[in-house]
Structures are given as C-alpha cells and as structure tokens.
Amino acid sequence: MTSPATVDEEAVLAEIGGALRAVLDDLEFEDAPITRETRFVEDLDLESIDLVTLTSELRERYGDRVDFPAWFASLELSEIIGLTVGQLADYIVGRLR
Amino acid sequence: MTRLDAGGLRFNVERLGDGTGGRETVVLVHGIATDNLTSYYFTVAPEFAAAGYDVVMYDQRGHGRTTRPPHGYGIEDFSGDLALLLDELGVTGPVHLVGNSFGGTVALDYALHHPGRVASVLMVESEPPTDAWAQKMSGLLAGSAYQLHDERTLPWIEETYGRHEARLVRWSMRLLHGTSIAEDIAASRIPDEAAWSALDVPVLAVYGANSDLAEMADWLRGLLPRCRTHTVHGHGHSVLVGTPETVGPLLLDWVREGHKELLGARVPTP
C-alpha cells in the first residue's frame with residue numbers, strides 16, 4: 001500500500017467521497033454533493049455501523065498513521081453521531097502531517 | 001472491515017490489534033435487536049488493542065451489516081455462529097469472551113458447549129440461557145414488535161430517548177418484523193440447569209445497580225462454579241455504553257488476570 005507523499009485537504013475530501021461510494025455501493029446512495037459541513041448520519045443517512053465500515057475503508061488507503069478506533073473512543077457518542085465530513089478530513093490531515 | 005462467509009451467512013467483522021497472532025484474543029459479542037458491534041468499537045475495543053490483545057468484533061446474524069435470514073434465531077444459532085467465525089478466522093486458542101446483554105448469554109452458551117476454547121467469560125448485564133430467560137426474552141421481542149406496528153411509537157422513542165436511539169430502533173424493526181426471532185428464541189435449545197455445574201471457566205458478571213437484572217447476582221454465583229459478580233452503581237442496563245470509562249478498565253483488569261487459575265484473582269472494587 002502506498003500513502004500520499006503530501007497532504008492535501010482537497011485530496012482527503014475526495015478520498016472520503018470515494019470511500020463513501022465504496023461503502024454505500026449496495027445502499028441507496030444518491031450522488032449528492034459532499035461538503036465539509038455534510039453530516040454522515042443526519043445528512044447522508046448513514047447508520048453508525050456504516051461509520052465503522054467507512055473508516056475501515058479509509059484505513060486501507062491511509063494505513064497505520066490513522067487510528068480511527070482510538071479517535072472514536074476519544075469522542076462522545078453524540079459527537080460521533082454528529083460527525084461531519086470536515087471533521088473527519090481534519091483528523092486525517094492532522095495525522096498525515 | 002472483513003466480510004466473512006460462514007454457515008451460509010455473510011458476517012461483518014472488525015479486528016483490532018496487529019493481527020500477527022501469538023497474542024491473546026478478546027472476542028466482543030453485542031446485544032440483541034438495537035445493538036451491533038459499534039457498542040464496542042466506539043467504546044472499549046481500542047483499549048483492549050492498546051493493551052496488546054487481538055480484538056474480534058462482529059455483527060451477529062440479523063444485526064448491523066451481517067445477513068438477516070428470515071429464520072434461525074435460537075440461542076444455539078448465535079453461539080454456533082461464534083464457533084464458525086472463530087474457525088474461519090483461524091483463532092484456535094482459548095479466547096476471552098466479553099458479552100453485552102444478550103451477547104453475554106451467547107458467550108456463556110458457547111463456553112458451555114466448547115470446553116477448552118474459552119479462557120474466561122465477562123458478561124455485562126446478561127443472563128445465562130434458561131427456560132425462564134428464553135420465555136422472557138421472547139416476550140420482550142414480541143412486545144417490541146407489536147408496539148412498533150403503532151406509528152406513534154418511533155416518534156415517542158425519539159422524543160424520550162433521542163434521535164440516535166430512534167434510529168437504532170427503526171433499524172431493529174427489520175429484524176423484529178421481518179424474521180421469526182421472537183418465536184425462535186422461545187424455542188431455543190436450552191442447556192439442562194445441571195450442566196452449568198461442569199462449566200470450568202471463570203466468569204465475571206457485571207450489572208448496573210439500577211437494572212432489574214442486578215438482583216440475579218447471588219443466584220448466578222450459586223449456579224456457576226467459578227463466578228464472581230460486580231455491580232456498577234448509578235447505572236442501569238446500558239452500563240457499557242453509558243459509562244465506558246468505568247466498564248473499560250473493569251473489562252481490561254479481568255482479561256489481564258489471565259485466568260490461569262481462579263484463586264487469588266483480583267476483583268475490582270466498586
């Protein structure tokens with residue numbers, strides 16, 4: 001597996017979008033525009049279990065430098081449920097720097 | 001993420017740890033209907049991984065992103081799944097089983113039927129599979145299914161318990177209305193009560209003091225030969241998700257004991 005040499009937030013957002021499509025391939029996922037403010041649960045109608053699958057998919061792309069389980073464990077459940085695309089991107093970018 | 005085919009079903013499995021083998025394995029088994037592996041993934045699972053254990057979590061049949069067959073929800077089906085999954089994952093050594101609510105019932109049933117494959121069982125707010133348990137659980141599931149046919153129920157749940165709980169309940173309707181789970185639980189293969197006296201596995205049962213299950217602690221210590229109990233004050237049935245900062249260290253301390261022998265083992269004090 002290769003990792004991006006430089007960290008670019010736009011690229012991370014694109015990766016999140018790609019992972020979303022991979023995860024929701026078998027679900028009714030409309031190709032809605034994804035912004036930093038998009039909430040996974042409220043706006044995209046993901047179940048919390050899908051956040052696990054989504055971040056596992058992203059870990060495949062970014063490797064050990066991201067530790068989503070540890071990050072989730074540091075958040076309150078309400079924060080996980082309210083998670084936005086931008087928050088996830090910020091975490092990834094922060095870890096890759 | 002792993003999609004694992006076993007017994008004709010496709011299981012959603014998550015593993016934490018380095019996965020190189022040679023380490024002790026902790027298997028986390030979630031509860032029924034509104035539950036799935038996130039109850040561990042979002043709470044205590046990373047602590048086990050950080051402490052050096054291989055961690056296995058999976059969505060049980062009919063739950064989360066695992067296949068939801070129309071029938072086949074007896075306790076023996078759930079504990080049979082656990083056996084198949086561990087075989088498929090190549091986990092051959094004795095494992096530490098942690099079960100939340102119904103997951104503890106599955107863990108205990110598995111331990112009874114697979115001697116030598118379980119190092120310890122930690123149940124959080126769980127009962128062993130007995131006739132009384134099967135009838136009660138079946139009644140609860142059937143009652144929930146009936147109530148959820150009333151379109152006023154979900155809005156009431158959202159208003160009372162919040163949007164997240166309402167989403168979980170809405171999800172569970174596929175299981176409660178689309179399968180024979182209530183009937184199947186009632187018809188479960190229940191072990192003879194005498195069989196429990198031969199369970200040579202250390203068990204720690206954790207209860208929330210405000211839960212109506214807490215009062216079974218004395219009875220359970222009499223039923224299981226190597227059982228201790230622990231009560232968490234200020235919490236009810238949802239003690240795992242409600243206070244992971246309390247239950248996490250409790251779980252970790254229990255597993256760290258290793259359970260080579262029971263005597264002299266340490267029990268966390270309240």
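The values are calculated or read from the model by the stated rules, or taken from the named source; none is laboratory data. Just so you know, these numbers come straight off a predicted model, no measurement behind them. Using ideal geometry, Cβ is built from the backbone for each residue, glycine included, and neighbour counts are taken over all protein chains shown. Only protein heavy atoms, including side chains, enter the accessible area calculation; ligands, DNA and RNA are left aside. Shrake-Rupley method; radii C 1.70, N 1.55, O 1.52, S 1.80 Å.
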Going through (1) within 14 Å of chain A (Cβ to nearest Cβ); (2) out of contact with any Lys or Arg (no Cβ under 8 Å at 6 or more places or on another chain); (3) of a type in the set (Ser, Thr, Tyr) one by one, B:Thr130 fails only at (1)
All-but-one check, B:Trp219 against (1) crowded, with 16+ Cβ neighbours inside 10 Å; (2) out of contact with any helix residue (DSSP H, G or I) (no Cβ under 6 Å at 6 or more places or on another chain); (3) assigned to a helix (DSSP H, G or I), failing number (1)
Just one listed residue, out of B:Gly116, B:Gly64, is touching a Pro at 6+ places or on another chain (Cβ under 8 Å) and either at pLDDT below 95 or part of a loop (DSSP other than H, G, I, E, B) (or both), and it is B:Gly116
Only one of B:Tyr110, B:Tyr73 is more than 22 Å from B:Val239 (Cα to Cα), in a loop (DSSP other than H, G, I, E, B) and open to solvent by less than 10 Å² (accessible area, probe 1.4 Å), namely B:Tyr73
When region B:127-142 is checked residue by residue, the ones that are open to solvent by 20 Å² or more (accessible area, probe 1.4 Å) and either assigned to a helix (DSSP H, G or I) or of a type in the set (Lys, Arg) (or both) are B:Asp131, B:Ala132, B:Gln135, B:Lys136, B:Met137, B:Gly139, B:Leu140, B:Ala142
_If I filter region B:163-185 for residues that are small (Gly, Ala, Ser), in contact (Cβ under 8 Å) with a residue 12 or more places away in the chain, surrounded by fewer than 16 Cβ atoms within 10 Å (Cβ to Cβ) and not in a loop (DSSP other than H, G, I, E, B), do I get at least one hit?_
yes
Picked from region B:16-26 (must be open to solvent by 10 Å² or more (accessible area, probe 1.4 Å) and touching a helix residue (DSSP H, G or I) at 6+ places or on another chain (Cβ under 8 Å)), the residue farthest from A:Ser74 (Cα to Cα) is B:Glu24
Only one of (1) over 12 Å from the mean Cα position of the chain (by Cα); (2) modelled with pLDDT of 90 or more does not apply to A:Glu30, and that is (2)
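Looking at region B:186-199, which of its residues are assigned to a helix (DSSP H, G or I) and open to solvent by 50 Å² or more (accessible area, probe 1.4 Å)?
Hits for region B:186-199 are B:Glu193, B:Ala194, B:Ser197, B:Ala198.
For every residue, the table says whether it meets (1) within 29 Å of A:Ile80 (Cα to Cα); (2) of a type in the set (Val, Ile, Thr).
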| site | (1), (2) |
| --- | --- |
| B:Leu28 | yes, no |
| B:Ala33 | yes, no |
| B:Val56 | yes, yes |
| B:Asp59 | yes, no |
| B:Pro70 | no, no |
| B:Ala111 | no, no |
Q | Hey, B:Val44 in contact with a Leu (Cβ under 7 Å, 6 or more places away or on another chain) and under 18 Å from B:Pro94 (Cβ atoms) or not | A | no
Taking region B:170-180 and keeping residues more than 12 Å from chain A (Cβ to nearest Cβ) and within 16 Å of B:Glu151 (Cα to Cα) leaves B:Met173, B:Leu176, B:His177
Residues of region B:27-47 being more than 10 Å from chain A (Cβ to nearest Cβ) and open to solvent by less than 10 Å² (accessible area, probe 1.4 Å), in sequence order, are B:Val27, B:Leu28, B:Val29, B:His30, B:Gly31
Within region B:48-65, restricting to residues that are surrounded by fewer than 24 Cβ atoms within 10 Å (Cβ to Cβ) and over 15 Å from the mean Cα position of the chain (by Cα), the one that is farthest from B:His164 (Cα to Cα) is B:Gly52
Fill in: Condition met for B:Gly17 (away from chain A (no Cβ under 13 Å) and over 21 Å from B:Val239 (Cβ atoms))
no
Per the filter on region A:39-97, residues open to solvent by 40 Å² or more (accessible area, probe 1.4 Å), touching a residue at least 12 places away in the same chain (Cβ under 8 Å), assigned to a loop (DSSP other than H, G, I, E, B) and within 10 Å of chain B (Cβ to nearest Cβ) are A:Glu42, A:Asp67
